[in-house]
Amino acid sequence: FLKQINCKIGFFYDSSRASDREAVEAWSYCARSTVNWKPVFSDTVSQLYNTGCRKIALMGYNIYDPQATHVCGYLEGITRHGLPDLRCNFASAGGDFKQMQDYCREMADDLDALIVRLPFHTFRLGRKNSANINAFLGIPEHIKIVSVFPSHFMSSFEHPTLCLQQPIQQIGSALAESLLKSIPETRSYNAKLALYNGKSFSDRNNITYI
C-alpha cells in the first residue's frame, strides 16, 4: 500500500537478523540503513585477548547465522588468536537470563569474558539498582563483560559499562537526508566500542583498564 501511494520510507534494519535481511529486499525503493557489527566484534575479541582473556563467550540471538555481521566479527577474532568457539544462543525472553546465568555459573572457573547481545525486552529481567553490569545480570564478578545494551537500563550503575554502540543519531540524520532528496540508497555504518558512565557515551580506543 505504501509503495502504491508513493510514500517515502526510511528503513533501519538489523543486518544480524536473517528475517530483516530478507524483508528489506522487498523495499528496494526505500532509503535503507544498517549497522555492520563485524569490525567492532572482531576488535573487541582482540582487545579482551590483550587483557589476558583466553575463553571469550558470545551470547545472544542468531549467533549461528554465518551471514550475521556480529557472528562474523566474533569468529574472525577468535580465529585470529586461536581461541575456542564459545557461542551460546538464547531465543526466548524468559529463558535468556536464566540460561545465561546458569551457563556463567557453571563456567565460572573456565570463562574469562562475555560479549552479550540479547533482545532488549529481556533486560527487564535484570536486577535493578545494581552496582555494575555483573550484578545486573547476576553472574560472577570476575567475568569481564562487553554488552550491547539500551542505555536506560544502565543509568543506575555505579560503575561505567563497556558497550558496543550503534551510531543512532548519524543513522537517523542520514535517513532523513535521503528521504528529503528522494534517494533510495542503502548505507552501512560501523558500530563502535564506547564507555557508558550513566549519562553519556565516550569512545574507547582500548579496554585495557577492565
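The values are calculated or read from the model by the stated rules, or taken from the named source; none is laboratory data. Being a predicted model, the structure only gives us computed values, none of them experimental. Every residue, glycine as well, gets a Cβ built from its backbone with ideal geometry; the counts of neighbours run over all protein chains shown. Note: areas computed on protein heavy atoms with side chains; ligands, DNA, RNA excluded. Shrake-Rupley method; radii C 1.70, N 1.55, O 1.52, S 1.80 Å.
Regarding ASP20, is this residue at pLDDT below 75 and either among the acidic types (Asp, Glu) or closer than 23 Å to GLY73 by Cβ (or both)? Here the answer is yes, as ASP20 does meet what is asked. Taking the range 44-54 as the range and being open to solvent by 40 Å² or more (accessible area, probe 1.4 Å) and within 14 Å of ILE115 (Cα to Cα) as the test, the residues that pass are TYR49, ARG54.
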